[in-house]
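Undergrad: Starting off with a structure, shown below.
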Amino acid sequence: MTHTDKMLREGSLTGKVIVVTGGGSGLGKAMTSYFLELGAKVVITSRKLEKLEKAAKELRDTTGGDCFAVACDVRDYEQVEQMHKQVIDHFGPIDVLLNNAAGNFIAPTENLSSNAFDAIVDIVLTGTKNCTMVFGKHWIKTKQKNVNVLNIVTTYAFTGSGYVVPSATAKGGVLAMTRSLAVEWSKYGMRFNAIAPGPFPTKGAWDRLLPGPLVKKFDPAKKVPLGRVGEHQELANLAAYMVSDFGAYLNGEVVVLDGGEWLKGAGQFNMLDKIPKALWTVLKKAMLKKK
Ligand code: HXC
Ligand code: NAP
């Protein structure tokens, strides 16, 4: 057994209809692929239909599952309503919403135009709000129970981070929404959870967050105590568990999957791991002398 093996038993998601925003690329595609293997019917949605249809075909071919592509810009409430209707017309009632679509780039905050700040907040926070409101209100109206929403955030949703301030602001809002609705809407049979991934290489994130020489200068694996980046299947395993009925008692939780990355940055003395072993003996002697 290895960390990239598939975790859940066959058929764990049979009978579930899942919508994955941003499902045509990167982590959204990886999670979709595993959901399909586990028997779910999955709709992938984002702005670019051609890309989505190509991805849906590839996913159907590789998994044998039922995957359907619907174009939708999550920033636009009416488009989200249309997408929601199209999914129900195609697959019937929806069981799971996975808010994964995002936008991001690195920049000193003072260099951002107001429009640039909005571009990120509109995708991440408004987009998640739009999908959550459309799906949630429908679940309430139709009294459909045993449904859940999984939001993909980041560890800087709770630590904050310079140079990605619009994203941190928006992801922080998504985390607050997750925890708030986990309580308020549980009475309607809904669960709300989040995953905060550490570095998982994808073209979308790497091209925008580590462009050009930055990827060599700031190797993300070096910031992780476990010394490596995440594998997509590790995230897919966790997401599948959280949206499945095995996760029925999990509500209002944010699960960090980052090899200890954020804690390494937070612990006041963690930089001391740079001290060679031999030097600790010298330091101990020096400390004892002070006594
Ligand atoms: C400063 C920038 C900029 C940059 C764009 N803008 N890129 N400003 N630095 N690098 C400005 C533009 O000049 C414009 O402002 C405004 O932002 C909107 O730009 P558009 O290109 O018109 O926006 P849009 O087409 O909506 O594109 C959105 C996008 C784009 C976010 C900018 O990158 C995108 O579509 N991304 C989707 C995929 C993505 O980002 N994936 C990564 C998720 S990774 P003006 O004033 O000129 O009009 C992630 C991981 C986090 O979240 C954690 C990793 C460890
Ligand atoms: P990605 O491949 O760039 O995924 C982003 C997706 O969002 C794309 O499929 C994109 O598709 C879609 N999207 C962007 N704007 C949209 C809009 N307005 N409406 C609908 N869809 C839109 O990046 P990723 O790395 O897989 O990121 C996936 C999620 O993981 C994001 O929430 C990200 O914040 C989070 N995350 C990633 C990492 C990492 O290391 N990779 C770490 C922490 C968190 P279109 O262009 O077709 O619209």
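Here, each number is a calculation from the coordinates, and none is a lab measurement. The structure presented is a predicted model; accordingly, all values stated were derived computationally and were not measured. Here the Cβ is made from the backbone with ideal geometry for all residues, glycine too, and neighbour counts use every protein chain on show.
Undergrad: Using all Cα-Cα distances in the chain, what percent lands in each 10 angstrom bin from 0 up to the longest?
TA: Bins of 10 Å from zero give 6, 27, 34, 20, 8, 4, 2, 0 percent of pairs.
Undergrad: A further question follows. Only helical DSSP H runs with n ≥ 4 go in: add -39500 (n - 2.57) per run for the chain, normalise by residue count and round the 222 nm mean residue ellipticity to 500 deg cm²/dmol.
TA: -14000 deg cm²/dmol
Undergrad: Find out how many positive minus negative residues lie around G227, taking Lys and Arg as positive, Asp and Glu as negative, among other residues whose Cβ is under 15 Å from that of G227.
TA: The answer is -1.
Undergrad: Could you line up V256, V153 from fewest to most neighbouring Cβ atoms inside 10 Å?
TA: The most exposed by this proxy come first: V256, V153.
Undergrad: Going by Cα centres, region 246-277 and region 109-160 are how many Å apart?
TA: Centre-to-centre distance over Cα atoms comes out at 24 Å.
Undergrad: Using Cα springs under 10 Å in a Gaussian network model of the chain, which residue among A278, A101, A182 shows the largest mean-square fluctuation?
TA: In the Gaussian network model the winner is A278.
Undergrad: Tell me, Kirkwood radius of region 132-215 from alpha-carbon pair distances, in Å?
TA: Final number for the Kirkwood radius of region 132-215 is 14.5 Å.
Undergrad: Oh, and also: Can you compute the modelled spin-label distance between K48 and H90, with each label point 7 Å from Cα toward Cβ, in nm?
TA: Placing both labels 7 Å along Cα→Cβ, they lie 1.8 nm apart.
Undergrad: Of the residues G267, G39, G172, which exhibits the maximal mean-square fluctuation in a Gaussian network model of the chain defined by a 10 Å Cα contact cut-off?
TA: G267
Undergrad: In whole Å, what is the distance between the alpha-carbon centres of region 170-244 and region 19-59?
TA: If we compute the Cα centre of each part, the gap is 17 Å.
Undergrad: Next question, about the same structure. Please compute the modelled spin-label separation between K222 and T14, points set 7 Å along Cα→Cβ, answer in nm with one decimal.
TA: Label at T14, label at K222, 4.9 nm between them.
Undergrad: Among M133, M190, M31, which one moves the most in a GNM of the chain with springs linking Cα atoms closer than 10 Å?
TA: Of M133, M190, M31, the most mobile in the Gaussian network model is M133.
Undergrad: Sort T155, T21 by Cβ crowding within 10 Å, fewest neighbours at the top.
TA: Sorted ascending by nearby Cβ count, the order is T155, T21.
Undergrad: Still on this structure, please answer the following. Which shape class, rounded, prolate or oblate, goes with region 95-134 when its Cα gyration tensor gives a ≥ b ≥ c as root eigenvalues, a/c under 1.5 marks rounded, and past that a/b bigger than b/c marks prolate?
TA: It comes out prolate by the Cα gyration axes.
Undergrad: When only alpha-carbon atoms are used, what values of Rg and Dmax, in angstrom, describe region 173-283?
TA: 18.4, 62
Undergrad: Once you place label points 7 Å from the Cα toward the Cβ at K274 and D5, how far apart are they in nm?
TA: Roughly 4.0 nm, to one decimal.
Undergrad: Report, ordered by chain and residue number, the lysines lying within cross-link reach of K6, taken as a straight Cα distance under 17 Å and ignoring same-chain residues fewer than 8 apart.
TA: Within reach: K29.
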